[in-house]
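The values are calculated or read from the model by the stated rules, or taken from the named source; none is laboratory data. In this text, all values refer to a predicted model and were calculated from it rather than measured experimentally. Ideal geometry is used to build each Cβ from the backbone, glycine not excepted, and the neighbour counts take in all protein chains shown. Ligands, DNA and RNA are stripped out before the accessible areas are found, and what is left, the full protein with its side chains, is counted by its heavy atoms. Shrake-Rupley method; radii C 1.70, N 1.55, O 1.52, S 1.80 Å.
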Amino acid sequence: MKRRDFIYKASQSGLALSFLGLASCKNAEKKSNDTQMSSKEKNVPWEFKISLAQWSLHNALFAGELDSLDFAAKARSFGCEGVEYVNGFFKDKAKDMAYLKEMKLRANNEGQKNVLIMVDGEGGLAIPDEANRKLAIENHYKWVEAAHFLGCHAIRVNLAGATNFDEGIKTAIDSLTQLSEFAKGSNINVLVENHGGFSSNGEWMHKVFSEVKNENCGTLPDFGNFCINKGEKDENGVRPCFDAYDRYKGMQELLPFAKAVSAKSYDFDAEGNETTIDYLKVMKMVKETGYTGFVGIEYEGKNVSEDKGIELTRDLLIKVGKELS
């Protein structure tokens with residue numbers, strides 16, 4: 001049985017804590033009986049770091065109220081430790097070394113870790129046409145290099161374009177293998193988010209990543225993006241979802257391969273709880289995989305300002321983290 005399938009099956013049967021701790025062990029020199037102990041068994045509080053996804057401020061960025069170079073300072077103002085960039089806000093700067101140098105300097109000055117770049121608009125990596133798919137793979141090379149220069153650990157890509165469930169798995173694996181081989185030389189991980197289409201189908205994603213052999217390839221599970229198909233925009237400009245995948249089942253299927261986590265949020269009640277996502281339930285899943293990296297705030301709501309939505313998401317993550325510790 002493949003290691004990743006074993007992890008998934010173990011988590012399904014409630015045995016994840018003792019085995020998944022192995023994946024996150026940072027010190028290979030530790031005794032084997034110590035590495036198999038869960039945080040609870042060792043009485044060590046669970047810790048994760050909070051980063052800010054640039055998309056949380058997309059309205060301000062699109063309106064010109066915030067410059068991408070000022071994003072790190074904005075993240076620091078919320079008490080975050082890391083920043084997750086979206087390439088669409090500096091699309092023509094992938095090879096602009098002066099710009100990237102300034103971006104890196106700003107992050108360093110603000111005490112922010114450059115975590116990753118979310119890459120959109122460079123072509124679908126699961127499309128059946130081989131020539132166009134090859135072009136899409138190569139379009140991502142410059143973002144791998146930019147991420148490496150900035151000191152990020154990963155880029156996030158999209159497995160878009162597949163039209164057939166089984167064929168899409170094959171093309172996705174091929175693309176991820178090629179891109180991960182290229183990224184390996186820059187010490188960059190290639191991550192896939194559940195981001196619509198087949199990628200929002202947890203079963204499909206699990207099949208893909210059970211077959212990917214590259215260690216620098218994994219998932220970026222998003223708490224909210226489990227809509228496989230959306231309808232046409234309504235009078236409010238919203239595209240309703242008519243084919244949704246169970247978010248908790250999907251998270252369970254994606255988390256064994258996770259190298260980053262996205263805390264999506266939309267709306268909050270009077271007690272500060274997210275109204276559509278059970279944060280305690282989801283973060284418990286994250287904890288049980290042994291994940292201790294960055295959890296990125298990605299607010300997409302409309303009922304409060306972007307700043308307020310970020311603050312509410314941050315406070316909820318802190319509250320849930322304390323409960324789980």
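Please give the per residue accessible area of the chain, computed with a probe of 1.4 Å over protein heavy atoms only, in Å². Show your work: numbers first, answer last.
Details: 15380 Å² over 325 residues.
Spelled out: the 1.4 Å probe surface of the chain, per residue, equals 47 Å².
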Integer Hz, Karplus 6.51/-1.76/1.60 couplings in order for the range 83-96, x for Gly and Pro: 10, 10, 7, 10, 4, x, 8, 8, 4, 8, 10, 4, 10, 8
Radius of gyration and Dmax over the Cα atoms of the range 179-325, both given in Å: 16.0, 48
Order of exposure, largest accessible area first, which applies to M97, M251 with probe 1.4 Å: M97, M251
List T292, T163, ordered by accessible area with a 1.4 Å probe, largest first: T163, T292
The chain, Cα convex hull volume normalised per residue, Å³: 145 Å³
Percent RCO, i.e. relative contact order, over the range 204-306, from Cα pairs under 8 Å lying at least 6 residues apart: 27 percent
³J(HN,Hα) computed for each position of the range 157-163 - Karplus, 6.51 cos²θ - 1.76 cosθ + 1.60, integer Hz, glycine/proline x: 10, 10, 8, 9, x, 6, 10
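Hey, any idea what % of the range 133-282's accessible area is carbon plus sulfur with a 1.4 Å probe?
Numbers: 2960 of 6180 Å².
Within the range 133-282, the accessible surface is 48 percent carbon and sulfur.
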G296 long-range amide H proximity, modeled H, under 5 Å: S51, V261, S262, A263
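For C217, C241, give the ranking by accessible area with the largest first, probe 1.4 Å. Don't skip to the end; give the middle numbers.
Values: C217 0, C241 65 Å².
Result of the area sort, largest leading: C241, C217.
For the range 189-230, which trypsin sites (Lys or Arg not before Pro) are in a loop by DSSP, counting at most 15 other Cβ atoms within 10 Å?
K213
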The range 59-66 - phi-based ³J(HN,Hα) in whole Hz, Karplus 6.51/-1.76/1.60, Gly and Pro as x: 5, 5, 5, 5, 7, x, 7, 9
Percentage, to the nearest whole number, of Cα pairs in the range 102-179 over 20 Å apart: 38 percent
M118 long-range amide H proximity, modeled H, under 5 Å: Y85, V86, N87, R156
Long-range amide H partners of K113 with built H, under 5 Å: G82, V83
